[in-house]
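Here's the structure, in structure tokens; my notes come after.
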Amino acid sequence: MGAVAGEPPTLSVVIPAYNEERRLPETLAQVWEYLESQGRPYELVLVDDGSSDQTLSVMRSTANGHASVKVVSLPANRGKGRAVAEGVAASTGELVLFTDADMSTPIEEVAKLEAALDRGADVAVASRGLRESEIVIPQPGMRVLMGKVFNLIVQGSLLVPRVWDTQCGFKLFRGAAGRQLFGDLRTDGFAFDVEVLHNARRRGLRIAEVPVRWSHSAPTKVRWSHPVQMFWDVLKIRLRG
């Protein structure tokens, strides 16, 4: 259905990407098919985070002739947090989902997050950390360990208590709340989720953690230097209060 003149989209889907020319076509095909099957107004916001490959060309080709697709291009690589923030800022939907370009969480899982918002939440967080979560292909052992250590730090800092997976790249927001939260974002890197959820809690917004189906997708954009930066970013978020 796509965008309808004069009618705001029910759902905006923001997909940030950095050097994803190979995976992006299949991802966009899956997302497009799902959104078209829903029979409601939507928009797709694609954000190129300063890629050095043909990611931006793939995005522009997808957007060509389709009013429901927006492309946001960052002139240099800023980090996933900044890419998501710029995409959310460009969105107009009643609800805003951001999802990773690797589709580790299938787009169909957004229905579970929407159900959480229907029950009164303002933010729905896809989670790999709940008993009901379905991990189809697990992460490598070292990545699992790093994730557990990072979560212990987040819980110990009391930034986002009782949210057991802050880092899953699949989150749904009520549109106005999401645009406000990301408009205030100061963390450009991978720890941006912690800041967004922390600020949501501070503002009294209701956060629901939702079990989803998830599969590890290789290759990953996470590098060994990123956890150090993430820990430093968490410290800065804590110091800012």
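The values are calculated or read from the model by the stated rules, or taken from the named source; none is laboratory data. Worth saying up front: this structure is predicted, and the values here are computed from it rather than measured. Ideal geometry is used to build each Cβ from the backbone, glycine not excepted, and the neighbour counts take in all protein chains shown. For accessibility, only protein heavy atoms count, side chains too; no ligands or nucleic acids. Shrake-Rupley method; radii C 1.70, N 1.55, O 1.52, S 1.80 Å.
Some points to look at:
- The range 60-153 - charge dipole about Cα centre, Lys and Arg +1 at Cβ, Asp and Glu -1, debye rounded to 20: 460
- Peptide packing: for 126-137, 70-81, 7-18, the average count of neighbouring Cβ atoms within 10 Å per residue gives the ranking 7-18, 70-81, 126-137, highest mean first.
- Rg and Dmax of the range 1-110, Cα atoms only, in Å: 12.7, 36
- Amide H to amide H distances under 5 Å link residue 170 with 126, where only residues 5 or more positions off or on other chains count and H is placed in the peptide plane.
- Portion, in percent, of the accessible area of the range 40-138 that falls on carbon or sulfur, probe 1.4 Å: 47
- Remark: spin-label model distance residue 57-residue 36 equals 2.4 nm, labels positioned 7 Å along the Cα→Cβ axis.
- Charge dipole (debye, nearest 20) of the range 1-113; +1 at Cβ of Lys and Arg, -1 at Cβ of Asp and Glu: 240
- Summing +1 for each Lys or Arg and -1 for each Asp or Glu among the other residues whose beta-carbon sits under 13 angstrom from that of residue 85 gives 0.
- The simple Förster model, with R0 at 41 Å and r as the Cβ-Cβ distance, assigns residue 232 and residue 135 a FRET efficiency of 0.90.
- Rg to Rh quotient for the range 81-239, alpha carbon positions, Kirkwood Rh: 0.92
- Whole-number accessible area per residue in Å² for the chain, which is evaluated in the context of all protein chains at 1.4 Å: 46
- DSSP H segments from the chain that extend 20 Å or more along their own axis, Cα-based, with Kyte-Doolittle mean of -0.5 or above: 141-156, 225-240
- Cα lying deepest toward the dipole's positive end in the range 111-200, options 200, 169, 157, charges on Cβ: 157
- The range 83-223, relative contact order [Cα under 8 Å, separation at least 6], %: 44
- The sum of -39500 (n - 2.57) across all DSSP H runs of n ≥ 4, divided by the residue count of the chain, sets its helix-only mean residue ellipticity at 222 nm to -12000 deg cm²/dmol.
- For the range 88-162, alpha-carbon Rg over 2.2 N^0.38 Å: 1.28
- Net lengthening on full extension, residue 184/residue 76 (0.36 nm per residue, minus Cα-Cα): 36.8 nm
- Dipole of the range 1-157, positive direction: furthest Cα of 98, 123, 147, with charges on the beta-carbon: 147
- Segment residue 216-residue 108, length gained on full extension (0.36 nm per residue, minus Cα span): 37.2 nm
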